[in-house]
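S.K.: Structure provided below as structure tokens; questions to follow.
The values are calculated or read from the model by the stated rules, or taken from the named source; none is laboratory data. As the structure is a prediction and not an experimental result, all values here were calculated from the model. Every residue, glycine as well, gets a Cβ built from its backbone with ideal geometry; the counts of neighbours run over all protein chains shown. Side chains included, ligands, DNA and RNA excluded: accessible areas come from the protein's heavy atoms. Shrake-Rupley method; radii C 1.70, N 1.55, O 1.52, S 1.80 Å.
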Amino acid sequence: MSNKTVPDPRRLMARPGPRAALVSLAVGVLAAGAALTFASSANAATTLGASAAERGGRYFGAAVAANKLSDSVYTTVLNREFNQITPENEMKIDATEPQQNQFTFTNADRIVNHATSRGWKVRGHTLAWHSQQPGWMQNMSGSALRSAMLNHVTRVATYYRGKIDSWDVVNEAFADGNGGARRDSNLQRTGNDWIEAAFRAADAADPTAKLCYNDYNTDNWTWDKTQAVYRMVQDFKSRGVPIDCVGLQSHFNSGSPYPSNYRTTLSSFAALGVDVQITELDIEGSGTTQANTYRNVVNDCLAVARCTGITVWGVRDCDSWRSGGTPLLFDCNGNKKAAYDATLSALNNGVTPTNPPTTPPTGNPTNPPTTGPPTNPPTQGPGGCSATVSLNSWNGGFVATVRVTAGSSGTNGWSVGMTLPSGASVTNAWSANRSGNSGAVTFTNVSYNGRIAAGQSTEFGFQGTGSGSGMSPTCSAS
């Protein structure tokens, strides 16, 4: 998920043997032009996961936070409705390797165990990403960073071998606009082959898991970024680089609406011989408009044989990183919304999938709407640390990423304070403890990121409703 990003029919064609055998089977099925149809159930399924499973073994999943598993309303909805899980933050790099070569899996294990005990599939999210890196990795470069990245991929994928159905091996490696260029990041600067290297390392560590590339703003077929990801997957398939699936995050709102060519995007990626999944779906809005968009997304997925599942990014509206936009299927009390009814109806009614085109349509690539994240200058606070904040904003909400940098003596702990603008409130935070939700809010380090060497940095983030513009953080260290 962008700073802020799932029985699992990614196994629509189960892989009993090597990855190459699965691809050969899939291509054979497509070449034969086999039409897949789904028998209607005499009694329509009454939950999302059960209905998706009846549609060719697909899944309908949710992103889950470990600390929400103690919330009975949350778990009642989760356990009843879904059949797949994606950890929200607990498998990201800062959470699993907070200090170099010191790995911790406690929170991620809690989510994995919750899923596997119920026979659900788990999507690993994510092995290699430019964001939410621990401080020690943020300050690395070149061959040292490349080695550290590959070690992280290998160690984490090996630890979960046999428990993860599919991995988001690499997340968000392409820039918005810019003709489909790669994102400028410390990982990209280690060499243009870093994505391929990460996929090969993941394949060696966990050869039975499906390996996916995941990104946002890749929903519209005409966008530069979509075309760039398509070309990368096409290249990987032609050279035998192990890639099995592509994830579309699909965060839809008025600034980035559901595109009319969404089904074209899904079918075009599928034509390359990979599965496609909708990995972080949320649709801002309410009532009939929101319900219809959810229905359209489900129908588009069902129409493409290799669209093997959908994951919504959160369970209830108040669990969402965009809670102000009420983008999910359940309200904060766990009640079903009109969007839920439309989604379940679409799943139960089903559609007959069609084979993807062998040659995808062409067009004039354009760029998605973007709002550049403004960065405030660092503010030096007492105790030898400084903090900067950058924003990813939309109408009614924002995600803030805060970087804490130690002064000349390093830190054993830190505290960052900032005053939110009038009307703004914090809905969620990661990699920090927080005190307060509005007005003056204080964030302090968690157990794994308080110790920062002199001149080095760590990051935390939070989500909010309203506007986050104008925040000026102050930092103190111990």
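S.K.: Applying the Karplus parametrisation 6.51 cos²θ - 1.76 cosθ + 1.60 with θ = phi - 60° to the phi angles of segment 206-218, what ³J(HN,Hα) value in whole Hz is obtained for each residue in order, glycine and proline being reported as x?
M.R.: Rounded to whole hertz, the list is 9, x, 8, 7, 7, 10, 10, 9, 10, 7, 10, 6, 10.
S.K.: So how do 174-186, 116-128 stack up, highest first, on mean other-Cβ count within 10 Å?
M.R.: The peptides rank, most packed first, as 116-128, 174-186.
S.K.: Would you work out if segment 29-184 is rounded, prolate or oblate? Take a ≥ b ≥ c from the square roots of the eigenvalues of the alpha-carbon gyration tensor; rounded if a/c is under 1.5, else prolate when a/b is larger than b/c, oblate otherwise.
M.R.: oblate
S.K.: Sort 224-233, 458-467 by the packing proxy (mean of other Cβ within 10 Å over each peptide's residues), most packed first.
M.R.: 458-467, 224-233
S.K.: Once neighbouring chains are kept in place and the probe is 1.4 Å, which whole percent of the accessible area of segment 81-142 is contributed by carbon and sulfur?
M.R.: 40
S.K.: Could you order the peptides 61-68, 439-446 from most to least packed, using the average number of other C-beta atoms within 10 Å per residue?
M.R.: For the peptides 61-68, 439-446, the packing ranking is 61-68, 439-446.
S.K.: With every protein chain kept in place and ligands, DNA and RNA left out, what is the accessible area per residue of segment 36-179? Probe 1.4 Å, answer in Å².
M.R.: About 34 Å² of surface per residue is accessible.
S.K.: Here is a follow-up. Taking a ≥ b ≥ c as the square roots of the eigenvalues of the Cα gyration tensor of segment 312-353, is the shape rounded (a/c under 1.5), prolate (a/b larger than b/c) or oblate?
M.R.: It comes out prolate by the Cα gyration axes.
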